[in-house]
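Heads up: the structure comes next, in structure tokens.
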Amino acid sequence: MTRTYCAPGGASGSEFMRQKTDAPMESGAVKTDTVIVDGVVNRPCRVTIVFTAVVATFPVCFNDLCTSSFAKSGQMTQGEHQMRTLRKLATLTSALGLLALTGTSFVSEAVAADLSTGPVQVQEPINERVDRAWEFLVAPYFVGANITGTSQVGRLPATDVDIGTGDILENLRFGAMLRTEALYRQKFGAMLDVAYMNLATANDTPLTGGRVRIGGDQLILEGMLFYRAYNSPHTSVDVYAGGRYWDISLNLDATGTIAGNFDITRGDDWLDPVIGLRAMHMFNDKWSVNGRGDIGGFGVGSDFTWNVQGGVGYHFNKVWSAHFQYKALSVDYDNEKSGTSRFAYDTITHGPLIGIAARF
């Protein structure tokens, strides 16, 4: 018959475990139900030693107490004998309590050791962007635009255009710029971008006391569908296609002038097909870099149009972020009409872009 023994002192490890067949126990060893599996010792072994020691100590102390008490009983009164017995019982109780606490300490150590040696399951980080079905973005922004190029209206000759940011801000009556996006399963999405400016200026005519007002409106509306061709927790690359709609009009309104009163509006609108690519990379949880470029027109609307923009983003948290970019948008359009209906617009609108985005 095979028996397993624990060495005194509660040591753990296969080097302290012995197996004997019908052999006497080693001195000081205690029989336990410990099982050796592949050379690994079960931790409860040393806990059994502690509590076996507690149980074994009790009869020894009790026998010593009884022997000592009866040996002296002849020399003491019954009251003194009882008091001496109670004091020794109190001492024994204290010793048992200390041993019990020591046993509890060993139990805690053994359980902790067993738990610490168990396999630790590490949960993989969840990409929250992928985990959500839909993701939305709303981003108002402002472009400090500069417009350079040439323009022709009606029978007037082509005129150079050079309007700075200061001129636009000085004559700006209303403006709005906003980009929105919707993304499904980090794969398919749509974006809508609108930029509108209404500019106006007025001058008096001293000779007649009249007034001349010159104004202009420019609306650029983009609608795109995109596919996320590459996606990781830090980087994304999208390919997109859609249309860019332009609506530009110039207005001349005169009252009380030598030429009389008149109101003339000239302009045109068109739609350009567009294809492009954009990418974003997160350096860490705060800073990112992004860029975008596209081309279009192809003679369908304008002869040619292109757009390039890029910059950095600062992310306050998972929802709010601020973006700083530089944007350049070019278009070469000519309706090839004659007379007063003629309109040509070949310009580049460029400048710094500042925006804030909410992603949810």
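The values are calculated or read from the model by the stated rules, or taken from the named source; none is laboratory data. These figures come from a predicted structure and were not determined experimentally. Cβ atoms come from the backbone with ideal geometry, glycine included; neighbour counts cover every protein chain shown. Just the protein is used for accessible areas: all its heavy atoms, side chains included, with ligands, DNA and RNA removed. Shrake-Rupley method; radii C 1.70, N 1.55, O 1.52, S 1.80 Å.
The residue pairs whose first member lies in the range 267-285 and is in contact (Cβ under 8 Å) with a residue 40 or more places away in the chain and within 13 Å of residue 313 (Cα to Cα), whose second member is acidic (Asp, Glu) and open to solvent by less than 40 Å² (accessible area, probe 1.4 Å), and whose beta carbons are closer than 9 Å, counting only pairs six or more residues apart or on different chains, are 279/238; 280/238.
Limited to the range 238-252, what total is found for residues that are open to solvent by less than 40 Å² (accessible area, probe 1.4 Å), more than 21 Å from residue 196 (Cα to Cα) and either of a type in the set (A, V, I, L, M, F, W, C) or touching an Asp or Glu at 6+ places or on another chain (Cβ under 9 Å) (or both)? Let's see the steps before the verdict.
In the first step, residues of the range 238-252 are kept if they are open to solvent by less than 40 Å² (accessible area, probe 1.4 Å); the result is 238, 240, 242-244, 246, 248-249.
Still in the list and also more than 21 Å from residue 196 (Cα to Cα): 238, 240.
Those still in the list that are either of a type in the set (A, V, I, L, M, F, W, C) or touching an Asp or Glu at 6+ places or on another chain (Cβ under 9 Å) (or both) too: 240.
Adding up the residues that qualify gives 1.
Given the criterion more than 30 Å from residue 236 (Cβ to Cβ) and loosely packed, with under 13 Cβ neighbours inside 10 Å, identify the matching residue among 166, 154, 149.
Details: 154 fails: loosely packed, with under 13 Cβ neighbours inside 10 Å; 149 fails: loosely packed, with under 13 Cβ neighbours inside 10 Å.
The conditions single out 166.
Just checking, which of 279, 259 is open to solvent by 30 Å² or more (accessible area, probe 1.4 Å) and under 22 Å from residue 227 (Cβ atoms)? Give the steps one after another, and end with the answer.
Numbers: 259 fails: under 22 Å from residue 227 (Cβ atoms).
Within the list 279, 259, the selection yields 279.
In the range 188-216, the residue that is modelled with the highest pLDDT out of those that are under 21 Å from residue 163 (Cβ atoms) and among the small types (Gly, Ala, Ser) is 195. Residues that are part of a strand (DSSP E or B) and surrounded by 15 or more Cβ atoms within 10 Å (Cβ to Cβ) within the range 181-194 comprise 181, 183, 189, 190, 191, 193, 194, listed in sequence order.
Before we move on, is residue 219 at pLDDT 95 or above, open to solvent by 30 Å² or more (accessible area, probe 1.4 Å) and either out of contact with any strand residue (DSSP E or B) (no Cβ under 9 Å at 6 or more places or on another chain) or under 30 Å from residue 282 (Cα atoms) (or both)? First the steps, then the outcome.
Numbers: at pLDDT 95 or above: yes; open to solvent by 30 Å² or more (accessible area, probe 1.4 Å): yes; either out of contact with any strand residue (DSSP E or B) (no Cβ under 9 Å at 6 or more places or on another chain) or under 30 Å from residue 282 (Cα atoms) (or both): no.
Answer is no for this residue.
Going through the range 289-343 one residue at a time, which ones are of a type in the set (A, V, I, L, M) and part of a loop (DSSP other than H, G, I, E, B)? Write out each step before concluding.
Here is the first cut: in the range 289-343, the ones of a type in the set (A, V, I, L, M) are 289, 295, 300, 308, 312, 319, 322, 328-329, 331.
Those that are of a type in the set (A, V, I, L, M) and part of a loop (DSSP other than H, G, I, E, B): 300, 319.
If you go through the range 269-319 and keep only what is within 34 Å of the chain's Cα centre (by Cα) and acidic (Asp, Glu), you end up with 285, 294. Restricting the range 195-210 to residues that are touching a Gly at 6+ places or on another chain (Cβ under 6 Å) and assigned to a strand (DSSP E or B), which is nearest to residue 241 (Cα to Cα)? Checking each candidate, the answer is 197.
A quick yes/no check of all residues on (1) out of contact with any Phe, Trp or Tyr (no Cβ under 7 Å at 6 or more places or on another chain); (2) closer than 17 Å to residue 266 by Cβ; (3) among the polar types (S, T, N, Q); (4) outside any strand (DSSP E or B):
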| position | (1), (2), (3), (4) |
| --- | --- |
| 136 | no, no, no, no |
| 140 | yes, no, no, no |
| 148 | yes, no, yes, no |
| 156 | yes, yes, no, yes |
| 160 | yes, no, no, no |
| 166 | yes, no, no, yes |
| 169 | yes, no, no, yes |
| 173 | yes, no, no, no |
| 176 | no, no, no, no |
